Amino acid sequence: MEQRPSPAETAGTIAAGKKRALPFIWRKRYAYILVLPGLIYFIVYRYVPMLGSVIAFQDYSPFLGFAGSPWVGLQHFATIFEDDEVVRVLWNTLALSFLQIVFAFPAPIILALMLNEVRSGLYKRLIQSVVYLPHFLSWVIVVGVFTIFLRGSGLVNTFLQLEFGIGPIDFLTNPSFFRPLIVLQVIWKEAGWGTIIFLAALSGISPSLYEAAVMDGAGRWRQLWHITLPGIRSTIVILLILRLGNVLDSGFEQIFLMLNSFNMEIGNVLDTYVYFKGIHQSDYSFATAVGLFKGLIGLILVVAANRLAKKFGEEGIY
C-alpha cells in the first residue's frame, strides 16, 4: 500500500520548492519585469471588472450599490428565454456569425495559399503590405469608407447608373444588404492580417515533401490537397476552435456603426442589444445576465470543439 507523505514532509517539500523558485525568479527578473505591464493590464481591465458580474443576480440600483441591491437569483437569466426580443437578437447573432465562419474565416487561408504560390519576393511583399493595411484602420474609418462608396450619390451607385442604368440602390438602408456588407467589411479588413499565421504555418512544411511529390508526377493541385492543406490543418483547427468561442461576439463597434432605423430588425445583435438595454434603458442587471450567458455559450462551444478535434487526432488548444 502506497504511503502518503506526512504533513511535515509536505510542508518541507513546499518550503524547498520556494527556496529553489526564488533564485530562479531573481535570475529571470528582467523577463518578469517585461511581462509585468501586460499582467497588470489583464488583472485591472479583465479580472477586476468580473467582480461586477454579481449584479446579474441582483436587481441592481446604482444608488444602492452592490451591497444594498436586492438579490433576485436567476430571475434575469429566466427572462432571457422568455423575452421574444432576446430570441430575435440571438438569431441575428448566430446568423451573422455563421456567415462569417463560412465566408470570412476561409478568406485568410485562401489568400495565404495564393501568396504562397507567388515566386517573386518583391511582388509578394508588395501584396502583403497592401492587404495588411486595412487591419490598422479603425472600424469608424472602414464603415466611413463603405458609406462614402455605397451611399445614394456614391461611386458605386454612380457607376451603376452611368454604365447599366441601374439605381440608385439603397445599400445602407436595405436590410437584405446588411449581413453581406458586414461580412465583406470583415474580409476586407482582417483577411490580410490573418494570413500571417497561415503563412508562418506554410513555412514549416518541409520542401522535400514537394520535391518528392514532383518526382511522383503530382501537379500543383495534388500538392495543395495532399501536402499543403494537411500541413496547416492543425493551425486551421486551433483557429476555428478559438473562433467558435466568439460565435456570439459579432463585434460591437462595427455593428453599432452600421445600424440605422431601417436595418435594426435584422442588424441588432447581442452586443448592441446589451448596450441599448444596459446604457439606454439602465437595465444593468439584465444586460449583465445576457453578457454572462453569451460567455457561457462561448465556453461550452470551445470545450466541445476542442474535444471533437481531439477525437479526430488533432492536438486542440489544451
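The values are calculated or read from the model by the stated rules, or taken from the named source; none is laboratory data. Here the structure is a predicted model, which means the values were calculated and not measured. As a convention, Cβ positions derive from the backbone with ideal geometry for all residues, glycine included, and neighbour counts pool all protein chains shown.
Among the residues of this structure, PHE293 does not count as one that is assigned to a loop (DSSP other than H, G, I, E, B) and touching a helix residue (DSSP H, G or I) at 6+ places or on another chain (Cβ under 8 Å).
With respect to being in contact with a helix residue (DSSP H, G or I) (Cβ under 9 Å, 6 or more places away or on another chain) and in a helix (DSSP H, G or I), ILE300 falls outside the description. The set of residues from the stretch 65-91 being under 18 Å from LYS294 (Cβ atoms), in a helix (DSSP H, G or I), among the aliphatic types (A, V, I, L, M) and more than 24 Å from the chain's Cα centre (by Cα) comprises just one member, ALA78. One residue alone among THR235, THR228, THR272 is under 24 Å from ARG179 (Cα atoms) and among the polar types (S, T, N, Q), and that residue is THR272.
How many of the residues making up the stretch 303-318 are of a type in the set (D, E, K, R), modelled with pLDDT under 80 and assigned to a helix (DSSP H, G or I)?
Residues that pass the stated criteria total 2.
Listed by position, the helices (runs of 4 or more DSSP H) enclosed by the stretch 98-181 that each have at least 1 residues that are without any contact (Cβ under 8 Å) to a residue 40 or more places away in the chain, touching a Leu at 6+ places or on another chain (Cβ under 9 Å) and loosely packed, with under 14 Cβ neighbours inside 10 Å are 139-150.
Test LYS311 against the criterion of being closer than 30 Å to PHE81 by Cα and among the basic types (Lys, Arg), and give yes or no. So LYS311 fails the test. Would you be able to tell me the number of residues in the stretch 280-290 that are in contact with a helix residue (DSSP H, G or I) (Cβ under 9 Å, 6 or more places away or on another chain) and assigned to a helix (DSSP H, G or I)? Going through the stretch 280-290 one residue at a time, the tally reaches 7. In summary, helices (runs of 4 or more DSSP H) completely within the stretch 210-279 and bearing 2 or more residues that are touching a residue at least 40 places away in the same chain (Cβ under 8 Å) and under 26 Å from LEU184 (Cα atoms) occur at 233-245, 252-258, 264-267, 270-275. Among the residues of the stretch 236-257, those identified as of a type outside the set (A, V, I, L, M) and within 15 Å of ASN306 (Cβ to Cβ) are ARG243, GLY245, ASN246.
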